[in-house]
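The values are calculated or read from the model by the stated rules, or taken from the named source; none is laboratory data. The structure displayed is predicted, hence computed values, not measured ones. Positions of Cβ are generated from backbone atoms using ideal geometry, with glycine treated the same way; all protein chains shown enter the neighbour counts.
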Amino acid sequence: MRIFLKTAMLPMAALLAGCSSYASADAAPKADSGAAAKAAIDAAVAASTRTPANVARDQYRNPAATLAFFGLTPGQTVVELWPGGGWYTEILAPHANAGGGAYWAAAPWERGLNRVKEWQAAKPDLYGKIQLAEFPNAGTNPKVPDGNADLVLTFRNVHNWRFGGVDGTAAAFRQMYAMLKPGGTLGVVEHRLNESQDTALEEKSGYMKESSVIAFAEAAGFKLAAKSEINANPKDTKDYPKGVWTLPPRFAEGDVDRAKYAAIGESDRMTLKFVKPAS
């Protein structure tokens with residue numbers, strides 16, 4: 001009997017070894033893919049073509065870590081909402097162009113896209129063909145097609161939809177949900193109001209409660225996948241005369257207490273990753 005057990009165990013050991021080999025072989029492409037994604041992000045962030053003044057803000061905005069957290073990879077269709085002065089455009093558009101992906105800039109038509117259009121015209125080989133769309137879309141100008149995007153990103157914009165006389169936040173999140181493919185990702189970075197502070201401050205301070213942003217996203221159908229403290233700033237007290245714009249880079253108070261605000265740095269920010277359910 002002992003001989004039978006011993007010989008029977010040999011094929012089992014071989015089988016287990018085979019399973020281990022298969023598992024290792026399966027893990028290798030995933031590791032390679034992750035390394036390639038990181039390398040592509042790092043190259044886009046380190047590019048000499050970026051504006052020096054923008055590079056100086058990396059210490060506060062942590063672009064490489066933020067984009068890795070959101071799952072940016074070569075070949076994706078990426079939508080950036082309200083790119084403004086193009087701080088992230090300098091990274092995202094060349095990344096998409098180099099990696100065979102597509103980059104959409106979506107903003108109020110057409111004034112919110114002027115900087116992006118200028119940069120594309122000046123350096124078409126670097127930025128590639130940037131797709132332009134209106135956001136929020138009113139139905140008359142180009143829009144991001146429904147179910148088209150792998151990744152939708154918005155940086156420090158949710159508060160803009162929250163105030164201004166009409167709260168357009170819920171509608172904005174519904175449109176974000178529509179433009180994503182099933183299983184797609186929404187990445188949100190936003191100035192963070194403390195949960196203990198008055199919610200009414202969301203309408204004038206430029207800060208949003210994390211719970212408010214999550215509620216708007218979930219109401220549109222998103223599921224919260226992860227949170228990160230990549231862009232947190234514990235020095236930010238969030239009680240300034242002119243809201244978040246008191247801090248750099250705006251310095252809304254001019255030279256008043258400028259050194260104090262410079263020492264605080266840019267705002268404390270939430271970094272939230274949502275997914276559109278695959279089914």
(request) Find the residue count for the range 141-159, including only residues that are assigned to a strand (DSSP E or B) and more than 11 Å from the chain's Cα centre (by Cα). (result) 2
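A quick yes/no check of all residues on (1) at pLDDT 95 or above; (2) surrounded by fewer than 21 Cβ atoms within 10 Å (Cβ to Cβ):
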position: Ala93; (1), (2): yes, no
position: Ala96; (1), (2): yes, no
position: Ala107; (1), (2): yes, no
position: Arg111; (1), (2): no, yes
position: Ala122; (1), (2): no, yes
position: Leu126; (1), (2): yes, yes
position: Leu151; (1), (2): yes, no
position: Phe155; (1), (2): yes, no
(request) Go through the range 99-108 and give me each residue that's closer than 8 Å to Pro74 by Cα and either out of contact with any Asp or Glu (no Cβ under 9 Å at 6 or more places or on another chain) or not in a loop (DSSP other than H, G, I, E, B) (or both). (result) Gly99, Gly100
(message) Contact list please: Cβ distance under 9 Å, first residue in the range 221-232 and in a strand (DSSP E or B), second residue of a type in the set (D, E, K, R), pairs at least six apart or on different chains.
(response) Lys223/Lys276; Leu224/Glu218; Leu224/Lys273; Ala225/Lys273; Ala226/Lys273; Lys227/Glu210; Lys227/Lys273; Ser228/Lys273
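Among the residues of the range 122-131, are any touching a residue at least 60 places away in the same chain (Cβ under 8 Å) and closer than 20 Å to Phe274 by Cβ?
no
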(request) Assess whether Asp255 counts as being over 23 Å from the mean Cα position of the chain (by Cα) and in a loop (DSSP other than H, G, I, E, B). (result) yes
(message) Go through the range 200-247 and report how many residues are farther than 26 Å from Gln175 by Cα and touching a helix residue (DSSP H, G or I) at 6+ places or on another chain (Cβ under 7 Å).
(response) 6
